[in-house]
Amino acid sequence: MALVPLRYNLRNLAVRWPTTLLTVLVVAIVVACTCVLFGLVDGLEHSNAISGDPQTLVVLGKRADNETSSYFDVDKAQTIATLDGIATGPPRTDAQAAAGWPDVEGRPLAAGEIVHIPIMTRTDGSRVNLTIRGVDAASPYLRPDFQIVAGRYLRPGTRECILSPGMSRRFTGAQLGSELVVTDKETYRVVGLFTAGGSVAESEVWTGRDDVAAATNRTGSVSSMRIRAASPDAAVALIDTLSNDNRFVLKPIRESKYYADQNLTALFLTFLGSLIAVLLTIGALFAAANTMFAAVKSRTREIGTLRALGFSRPAILFSFLLEAILITTLGGLLGALLSLIASRWSFGISDFNTFTERMIQIRIGLVPLAVAIAMTLAMGIFGGLFPAIRAVRLDVIKALREL
Amino acid sequence: MKFLGYILRNARRNPVRSLLTIGSIAVCGFLTVAMLSLFSSADQLREEVKGYDRVIVMSSQGFAQPVPIALKNEIIALDQARGLNAIARRAADGKPLISPFSWFGGKYKDEQLSLFAQFGIDPDVFFDIYTELTLPADQLAAFKARPDAVVVGRKLAADKKIAVGDKFPLKGEIYNYDLDLTVVGIFDGPENRDLRSCYFNWDYLNEGLLSKASGVGANNAGTILIKCASTALIPPLCQAIDQATANSDRATKSQTEDAFIGQFAEFTKDLQTYINLLGVAVAFALLIICGVAMAMSMRERTREVAVLRAIGFRKPQILGMVLAEAVLIAGLGGLIGTGTALLLSKNWDAIAPLTMGFFPYLRIPPQVALAGIAGSLLIGLIGGYWPALRAASIPVVDGLRKVV
Amino acid sequence: MGRPPAIILRQVSKEYRRDQIRIPVLSRLDLTVAEGEFLALMGPSGSGKTTLLNLIAGLDRPTSGEIIVHDLDLTRLSDSQISRWRSDHVGFIFQTYNLIPVLRADENVELPLLLTKLSRRERRQRARTALRIVGLEGREDHYPRQLSGGQEQRVAIARAIVTDPYLLVADEPTGDLDRQSAEEILNLMEQLNREFEKTIVMVTHDPNAAKRATRILHLDKGQLVDDVTRAEPSPPKVAESAASGDPPYVADLDTARRQEARL
């Protein structure tokens, strides 16, 4: 089959450049809007994936599904730390020592932590459920790529806290050196900023466990405990012991599964995103169809000429369809680029499982790109099909006579 | 008005194009109106509850920290000692309208997640505080009489096919205790209230917790709900409560119900920002869509416009006619989009299950509906302006010569 | 001939600019057209005849010179004033008819009346009368695509006369028509000129069409090269009523309206 050369389409797009450009822009806006939301889902899932280590166990109270509603005796926590099969702490590097990290070399990597969720004020005046985590000595060693980027690590028992740079920007009194005020009686001094590979920890304020316990009258209990198993087999054994041993009767969950299960927010955003994607795609494909119908109409004579020259109907159908896809692809590319700019935006979202604030870096990964491609193709194919069909249905003689 | 017939004919001249443009605006308008309503319906609820003069006392440390039940009587005493008399009293017996309001957060039957709100309250006064919720008198009597009673909202009853007399087990997640309740009533209320919730006797939960050896979690009220005698008395009461507890280990934050609801909306602030930006972006895209469609129409009609100009139509008349056509098409799209959203919201109960529980109700506030229609008209006006101006400005002689 | 001049052109020049190059179309043209004349403009393509027609009809402005139509200097009018003047006093007939395809015949004719203060009923009646004059009674509710070329041109003529203008301009009115339709259209124009005293300026290539005019002007390269006034054919019967200040066309319209009111 002799195909109509692609150059012909490109020339036509160039000649009708204002319409082409504006249609491209519409597609770009629509794709960018959707990509950002899926980028948020991607960022959230990425953050959850990074946060979860399959060999680290999150130990919760028997009935709890997440740390917010979990608690058990601190005695149990201390006993857990003595169990066999828990990995031991690595030697502290000089840099870590300089930054004030606790030294846990040779001691079990087990951290009993308290989660405290006060309502705090953002810098813009709106309120939010903030996670304040009272941490143990091993806590930083149990987070991926934990680093102090400014100031130093906290000293427990002195009402000091550390948090991520993103959080520092977002909350009143969270700047390095200032006092983070929860209530009149509960304040923490910000002594350092940390990053943790984009994991959940970057959405939290860290302080000493005893500091939180004292402030919230929860001395004697912990919310959860994190332990790192020395080996995959040890993890299996630990899960069994913690679940069934009469001394504990707790709920150990692999950290990877724990975060994978906190998916209500991601599910909601995916649902919302799909809704937006489908509706906007329909809206924009109508616009693309309009442009293509006009293209067919204004080129009636050319189509007649092409047919008279011997190009087959399928060739013309394909040519117009290709032109539509070309327009939407340009738009899709531009939209994806625009959403890349948005990926610098860190987004605060309320986690639906724990009702706490999560800071998510929008991430234009595979899922948003797949969505962009799907939208682009849907708009191109469905927007171009009917105009293309109209083009091939034209009567050659009539088309040639058309003014 | 005499041009209307001609304008209507013009709008119908290229039916495919007009329908596609209308469809585009309708679909995107529907989306925008529905999205904007998600959050503004919370605003509307806040406005409505203002009239009920209710106060919620919670821990100053957030939702996760409960306030003790002892605080309830302390507040009553404080109210009298200070001579505030801010707490409303029941006309029949003078009982103060104050109740524990405790989030249970349990799982119903075999459900994997806690999917609807469950509160422990005082059955004796609760429906005197929430007067907009209605419960038949015999069911209310049963609710007050039976310790293990629970009343469920109309929508929850419909979703889970629950009838009076059914067992209603709730598995505790926050509390180390399972509730074995029996449905004694089904309450109803305004559409935008949470009718997928249930209320049970707080005493029943507390006695259950006390009966356990540890007694962990007992004697806590969660939050305390108060009905005030008048709006003016709310600020002094809140201030008095918060001051009295300030230096204890259970400092409180007392606020009006609408401020309490407002917190939840603020939690999702970035999402709201995104949706507002989405609305702006979509409006911009529609502006282009409408403008391009009108520009294509006008290009095909260049010669015709020139004829009109030759006959003596003046520029403003041409401009007005083209703009009217654009506004007509865009407005029709906006009307259909907003109308569809309104229609869906009216029948939302049938659709809600399809949203996997994420959108239990959709209510389009009148101002959002109006904004949707006004926005579409504006889109027509602005989007059509450039093509209209161009059409009106082409010199007659050039337009007449033009072969389309 | 003794009639007052309807159109006076003094030293009219027109040039177009295209990419810095000035293209002169008309140069220093003088022309006087008397009231009630039927003028044919002839000449090869690019001779400037359509441009001249456009200038007389107030569609275009000269680069220099004066154009006075019925004592009104068109060059001094604003764009909106000239639009109003056109709607009141000029009727247009085009080669390609230029009817609005979405409007019925009567609505097409009614179109110029939308610019007047007439009531809906009056507009309708005038449109009907105009259609009757061009012989299209009973075709009021036809759309242009349902009419033949000759019929379409008649609708266009009805549209041109419905406001009772004193000037009719026609650009190749028979150019797209077959011999017979062309003859009919020319008959109609002749009738409008004679019976209703319309001043007509017509651009044409067709010598047969030009023959119907009372005066034929030849243009070449923007200059008048020939000016032939035909011996006046039989003088119009209604000339006297015109002289008495009662325009026959309006009289005719009124009679028609009265007849219709009785029906």
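Residues of the range C:92-101 include at least one that is more than 10 Å from chain B (Cβ to nearest Cβ) and closer than 20 Å to C:Leu74 by Cβ. Among the conditions (1) touching a Ser or Thr at 6+ places or on another chain (Cβ under 8 Å); (2) surrounded by 14 or more Cβ atoms within 10 Å (Cβ to Cβ), C:Gln11 misses just one, which is (2). For the range B:136-165, taking the residues that are aliphatic (A, V, I, L, M), under 23 Å from the mean Cα position of the chain (by Cα) and within 11 Å of B:Phe187 (Cβ to Cβ), the one that is surrounded by the most Cβ atoms within 10 Å (Cβ to Cβ) is identified as B:Val152. Of all residues in the range A:105-138, those satisfying the criterion of being over 30 Å from B:Gln272 (Cα atoms) and crowded, with 22+ Cβ neighbours inside 10 Å are A:Leu109, A:Ala110, A:Ala111, A:Gly112, A:Glu113, A:Ile114, A:Gly134, A:Val135, A:Asp136, A:Ala138.
List every residue pair whose Cβ atoms sit under 8 Å apart, with the two residues 6 or more apart in sequence or on different chains, where the first one lies in the range B:353-373 and is farther than 19 Å from B:Leu45 by Cα and the second, anywhere, is at pLDDT 75 or above and part of a loop (DSSP other than H, G, I, E, B). Matching pairs, first to second residue: B:Gly357/B:Leu115.
Among the candidates B:Phe168, B:Phe101, the residue that is within 30 Å of B:Ala244 (Cα to Cα), hydrophobic (A, V, I, L, M, F, W, C) and either surrounded by 15 or more Cβ atoms within 10 Å (Cβ to Cβ) or modelled with pLDDT under 95 (or both) is uniquely B:Phe101.
Of the strands (runs of 3 or more DSSP E) lying entirely inside the range C:109-227, those containing at least 2 residues that are buried (at least 24 other Cβ atoms within 10 Å of the Cβ) and among the β-branched types (Val, Ile, Thr) are C:199-203. Based on what the data block shows, is C:Thr50 out of contact with any strand residue (DSSP E or B) (no Cβ under 9 Å at 6 or more places or on another chain), within 30 Å of C:Asp176 (Cα to Cα) and at the interface with chain B (Cβ under 9 Å from one of its Cβ atoms)? When the stated conditions are applied, C:Thr50 does not pass them. For the range B:19-29, taking the residues that are at the interface with chain A (Cβ under 7 Å from one of its Cβ atoms) and among the hydrophobic types (A, V, I, L, M, F, W, C), the one that is surrounded by the fewest Cβ atoms within 10 Å (Cβ to Cβ) is identified as B:Leu20. When B:Ser114 is tested against (1) surrounded by fewer than 18 Cβ atoms within 10 Å (Cβ to Cβ); (2) modelled with pLDDT under 90, only condition (1) is not met. Within the range B:341-350, identify whether any single residue is more than 22 Å from B:Ala26 (Cα to Cα) and of a type in the set (Phe, Trp, Tyr), and answer yes or no. No.
If I ask for residues that are under 22 Å from C:Ala209 (Cα atoms) and more than 9 Å from every other protein chain (Cβ to nearest Cβ), which ones from the range C:56-90 would you list?
The initial filter retains those residues of the range C:56-90 that are under 22 Å from C:Ala209 (Cα atoms), namely C:56-57, C:90.
Answer for the range C:56-90, where residues must be under 22 Å from C:Ala209 (Cα atoms) and more than 9 Å from every other protein chain (Cβ to nearest Cβ): just C:Ile56.
With respect to (1) closer than 27 Å to B:Arg13 by Cβ; (2) in contact (Cβ under 8 Å) with a residue 60 or more places away in the chain, the lone exception for C:Ile133 is condition (1). Taken over the range C:71-85, the criterion of being surrounded by fewer than 14 Cβ atoms within 10 Å (Cβ to Cβ) and either part of a strand (DSSP E or B) or touching a Gly at 6+ places or on another chain (Cβ under 7 Å) (or both) is satisfied by C:Asp73 alone. The criterion of at least 1 residues that are under 40 Å from the mean Cα position of the chain (by Cα) is met by the following helices (runs of 4 or more DSSP H) wholly inside the range B:283-375: B:315-346, B:348-351.
Looking at the range B:243-255, can you tell me whether even one residue there is part of a helix (DSSP H, G or I), without any contact (Cβ under 8 Å) to a residue 12 or more places away in the chain and either within 20 Å of A:Met120 (Cα to Cα) or at the interface with another protein chain (Cβ under 9 Å from one of its Cβ atoms) (or both)? Full working, then the answer.
We begin by selecting, within the range B:243-255, every residue part of a helix (DSSP H, G or I); these are B:243-245.
Applying the additional criterion that residues be without any contact (Cβ under 8 Å) to a residue 12 or more places away in the chain yields B:243.
Of the ones still in play, those that are also either within 20 Å of A:Met120 (Cα to Cα) or at the interface with another protein chain (Cβ under 9 Å from one of its Cβ atoms) (or both) are B:243.
Yes, the range B:243-255 has at least one match.
Annotation note: Cβ proximity below 7 Å between a residue of the range C:173-187 that is acidic (Asp, Glu) and a residue that is not in a helix (DSSP H, G or I) (sequence gap 6+ or interchain) occurs for C:Asp176/C:Gln95; C:Asp176/C:Thr96.
Here's the yes/no breakdown for (1) of a type outside the set (Gly, Ala, Ser); (2) under 28 Å from the mean Cα position of the chain (by Cα); (3) within 14 Å of chain B (Cβ to nearest Cβ):
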site	(1), (2), (3)
A:Lys185	yes, no, yes
A:Tyr188	yes, no, yes
A:Leu193	yes, yes, no
A:Asp211	yes, no, yes
A:Leu242	yes, no, no
A:Asp261	yes, yes, yes
A:Leu267	yes, yes, yes
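For the range B:1-18, give me each residue that is at the interface with chain A (Cβ under 9 Å from one of its Cβ atoms) and buried (at least 16 other Cβ atoms within 10 Å of the Cβ). Answer for the range B:1-18, where residues must be at the interface with chain A (Cβ under 9 Å from one of its Cβ atoms) and buried (at least 16 other Cβ atoms within 10 Å of the Cβ): B:Asn14, B:Arg17.
Looking only at the range B:1-52, which residues are aromatic (Phe, Trp, Tyr) and under 30 Å from C:Leu115 (Cβ atoms)?
Within the range B:1-52, the subset aromatic (Phe, Trp, Tyr) is B:3, B:6, B:30, B:39, B:52.
Residues satisfying the conditions are B:Phe3, B:Tyr6.
Here are B:Glu173, B:Glu191: which of them is in the same structural domain as B:Asn85 (by TED's automatic domain parsing) and farther than 23 Å from B:Val125 by Cα? Let's see the steps before the verdict.
Working: B:Glu191 fails: farther than 23 Å from B:Val125 by Cα.
When all the criteria are applied, what remains is B:Glu173.
The values are calculated or read from the model by the stated rules, or taken from the named source; none is laboratory data. Note that the structure is predicted; figures quoted are calculated from it, not measured. Positions of Cβ are generated from backbone atoms using ideal geometry, with glycine treated the same way; all protein chains shown enter the neighbour counts.
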